[in-house]
Amino acid sequence: MQGLASAHEYLRFVVTLTATVDPFLAVPFFLAFTSAQGEPERRALARLVALTVFAVLAISTFVGETVLELIGASLPAFRVGGGLVLLLMALAMLNAEAGGLRQSDDEARELQDREMSGVVPLAIPLLAGPGAISTSIIAAEKGGMAHQLVIVACIALVCLFTWAALRRAHAIAGRLGTTGLNIATRILGLLLAAMAVQTMAEGLRALFPGLA
């Protein structure tokens, strides 16, 4: 179909978005927040978090480029800036940490004290934070409506995986333990670092054609 990217590009987006969202990093936070809740409440929260992440990223896909035009920012410049955000997130993930870009100290304390609904900050900004939003906007720039719909379908796939991870958070934590979860986060961080450098390189080539 005209306007669609290659299957490789969509696969790359799914891998990058999965690494950016990183459901494994969210598992300990989800368990901490739901420690005093029953199974029905945990299921409901997992579903609500996944749906919120999908809504935020899907909306970003459709309106992100328009917002950039309104503020006078070019897509190549956004690629460089978005790639830098992803790289900073990747460096935190390599240390098995959420990092300040995902969650501030105040948000971490509010989550620990259960003063928030769980959607914030679990869905926003822990999962659907600046990195995931940037990744969705950058991926949507390459085509028209058909391309954007496929991007949204890819987002839905990542959110489905996120829901499954949160839904089975206790089982995943029991099988992998803290060390296993940290290893999974570090592997995703390494993948994200590579994708971040690639994104920045593409933006720099567009801004400075002489670099090519």
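The values are calculated or read from the model by the stated rules, or taken from the named source; none is laboratory data. The model shown is predicted, which means the values in this text are computed figures rather than measured ones. A quick note on method: Cβ atoms are made from the backbone with ideal geometry, for glycine too, and the neighbour counts reach across all protein chains shown.
For region 57-87, name all the residues that are in contact (Cβ under 8 Å) with a residue 60 or more places away in the chain, farther than 21 Å from residue 205 by Cβ and surrounded by fewer than 17 Cβ atoms within 10 Å (Cβ to Cβ).
Hit for region 57-87 is 62, nothing else.
What are the pairs, 6+ residues apart or on separate chains, where a residue within region 23-51 that is under 13 Å from residue 164 (Cα atoms) and at pLDDT 90 or above has its Cβ under 7 Å from a residue that is of a type outside the set (Gly, Ala, Ser) and not in a helix (DSSP H, G or I)?
Final answer for the pair search is 42/34; 45/34.
Using the structure shown, decide if residue 21 is closer than 20 Å to residue 131 by Cα, in contact with a strand residue (DSSP E or B) (Cβ under 9 Å, 6 or more places away or on another chain) and crowded, with 22+ Cβ neighbours inside 10 Å.
The answer is no for residue 21.
For region 1-42, which residues satisfy the criterion of being charged (D, E, K, R) and under 11 Å from the mean Cα position of the chain (by Cα)?
Within region 1-42, 22 is the sole residue that qualifies.
Do we have any residue at all in region 150-166 that's surrounded by fewer than 21 Cβ atoms within 10 Å (Cβ to Cβ) and touching a Ser or Thr at 6+ places or on another chain (Cβ under 8 Å)?
Looking through region 150-166, at least one residue is surrounded by fewer than 21 Cβ atoms within 10 Å (Cβ to Cβ) and touching a Ser or Thr at 6+ places or on another chain (Cβ under 8 Å).
Mind listing just one residue for me: the one in region 167-211 that is surrounded by fewer than 17 Cβ atoms within 10 Å (Cβ to Cβ) and small (Gly, Ala, Ser) and, of those, nearest to the chain's Cα centre (by Cα)?
194
Based on what the data block shows, is residue 86 at pLDDT 85 or above and more than 16 Å from residue 10 (Cα to Cα)?
Yes.
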